[in-house]
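Have a look at the structure below before the remarks.
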Amino acid sequence: MNTARLLDRIVQDWAAASPGTDAVTMRRCILLKRTAGAVADEIERVHQQHGLNHALADLLFTLYRSAPPEGMTPGELTELAAVTPSSITNRIDRVVQEGLVERTTDPHDARSRRIRLTPAGRASVEAHLPAHVSNEQHLLSGLTPDEQQTLEDLLLKLVGHLEHRTGER
């Protein structure tokens, strides 16, 4: 069953089972969740072709695009990658073992560490990045450029609303 028909069926079933329930809003949230899952699956597939998962690719991409030559602190990485400190530590440990990043002493504070890409890590990103960008372009190619901009605007509005609600709790 295709997604549109499945969602129509869900709305119909809710209308029969609980006539006052707002099944249209449920439909939209299900659609959003299915879309996000499908996009995540396709991005993960390309990462795996390059021997990475989403978490490790995100760490390497963050260092590649944002780190100065001396690297970043784990706290800076946590903020830019939007993950928990324990998650970033596990990711760093794994890519250090694989020789893609290294820990160095902060030149301004010997008690602090910096994380930076090794030449192998930089080469990994440079080999992976074209396929990643091409995949993301393909994922959005079902929409015109104007529709893609509208989607981005709406998603930013929605995530802003959700982050505001989360901040109120």
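Observations, loosely collected:
- Net length available on complete extension from Asp13 to Val39 is 6.6 nm, with 0.36 nm assigned per residue and the Cα-Cα distance removed.
- Charged neighbours of Leu56, selected by a Cβ distance under 10 Å, balance to 0 (K, R count +1; D, E count -1).
- Other residues lying with their Cβ under 14 Å from the Cβ of Asn135 contribute a combined charge of -3, Lys and Arg counting +1, Asp and Glu -1.
- In the context of the full set of protein chains, residues of the chain present 67 Å² of accessible surface per residue (probe radius 1.4 Å, heavy atoms only).
- Using the Cα coordinates of region 1-81, the gyration tensor eigenvalues translate into equivalent-ellipsoid semi-axes of 41, 16, 7 Å, sorted from longest to shortest.
- Here is the tail figure for region 32-169: Cα pairs spaced more than 27 Å apart come to 32 percent of all pairs.
- Largest-first principal axis extents of the Cα set of region 85-137 (Å): 42, 24, 20
- Take the Cβ atoms of Met1 and Arg103, set R0 to 41 Å, and the FRET efficiency comes out at 0.25.
The values are calculated or read from the model by the stated rules, or taken from the named source; none is laboratory data. Since this is a predicted model, take the numbers as computed values, not measurements. Methodologically, a virtual Cβ is constructed for each residue, glycine included, from the backbone with ideal geometry; neighbour enumeration extends over all protein chains shown. Each accessible area value is taken on the protein alone, full model and side chains, heavy atoms only, with ligands, DNA and RNA left out. Shrake-Rupley method; radii C 1.70, N 1.55, O 1.52, S 1.80 Å.
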